[in-house]
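These notes are about the structure you will find just below.
The values are calculated or read from the model by the stated rules, or taken from the named source; none is laboratory data. These figures come from a predicted structure and were not determined experimentally. Cβ sites come from the backbone with ideal geometry, for glycine too, and all protein chains shown count toward neighbours. Heavy atoms of the whole protein, side chains included, go into the accessibility calculation; ligands, DNA and RNA do not. Shrake-Rupley method; radii C 1.70, N 1.55, O 1.52, S 1.80 Å.
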Amino acid sequence: MRNKRRLNEMFQSVIKQITLLNQYQRELTNDNKLITTIEDIENAIEILFESVILKIDELDGSSRQFFEKLKKGFGEKDFTRFEAMEVTGFKKSQLQVYLSDLVRLEYLKQFGHGNKGFRYKVSYFDNNQRVREEMKEHFRKQIEELKKA
């Protein structure tokens with residue numbers, strides 16, 4: 001809930017800044033207050049879209065990139081740490097941090113034994129592109145509602 005409130009505050013702030021930036025092209029109310037336009041809101045959405053996607057994603061940016069490389073490189077097949085290093089280009093210590101995080105978050109399944117080397121398999125195929133498209137559609141619908149009002 002706190003995250004949504006922060007996102008809303010961020011949107012409100014950017015919308016105000018855009019309105020202020022375009023103040024000479026904007027109408028004023030009878031008591032000389034600026035009127036925000038739908039174009040200002042659309043510009044704020046365009047500016048903040050990537051930030052919103054990053055905030056709602058459970059994975060941080062670098063973990064997301066790492067996970068997407070694993071999904072693309074291995075799909076349904078299982079793999080070793082060395083194979084993951086080859087596909088992602090990450091070094092051993094960095095790789096281990098990401099693998100551990102993805103196992104903890106249940107994006108990857110870890111099996112085997114430590115002394116023989118663990119194997120990993122993608123266990124959760126989230127669709128980041130679909131989430132992006134759904135968010136764009138959500139914003140588009142909200143803008144349409146504003147235009148009707």
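Let me confirm something: among Glu86, Glu58, Glu9, which residue is open to solvent by 100 Å² or more (accessible area, probe 1.4 Å), out of contact with any strand residue (DSSP E or B) (no Cβ under 7 Å at 6 or more places or on another chain) and under 14 Å from Tyr124 (Cα atoms)?
Among Glu86, Glu58, Glu9, only Glu58 is open to solvent by 100 Å² or more (accessible area, probe 1.4 Å), out of contact with any strand residue (DSSP E or B) (no Cβ under 7 Å at 6 or more places or on another chain) and under 14 Å from Tyr124 (Cα atoms).
What number of residues in the range 121-139 are within 15 Å of Glu83 (Cα to Cα) and out of contact with any Gly (no Cβ under 9 Å at 6 or more places or on another chain)?
Looking only at that region, the number is 1.
Any idea how many residues of the range 15-50 are over 21 Å from Val131 (Cβ atoms) and either under 19 Å from the mean Cα position of the chain (by Cα) or without any contact (Cβ under 8 Å) to a residue 24 or more places away in the chain (or both)?
Residues that pass the stated criteria total 23.
Just to be sure, is Glu76 among the acidic types (Asp, Glu) and in contact with a helix residue (DSSP H, G or I) (Cβ under 9 Å, 6 or more places away or on another chain)?
Considered against the rule, which asks whether it is among the acidic types (Asp, Glu) and in contact with a helix residue (DSSP H, G or I) (Cβ under 9 Å, 6 or more places away or on another chain), Glu76 comes out as no.
Within the range 20-77, count every residue that is over 30 Å from Glu106 (Cα atoms), of a type outside the set (A, V, I, L, M) and assigned to a loop (DSSP other than H, G, I, E, B).
10
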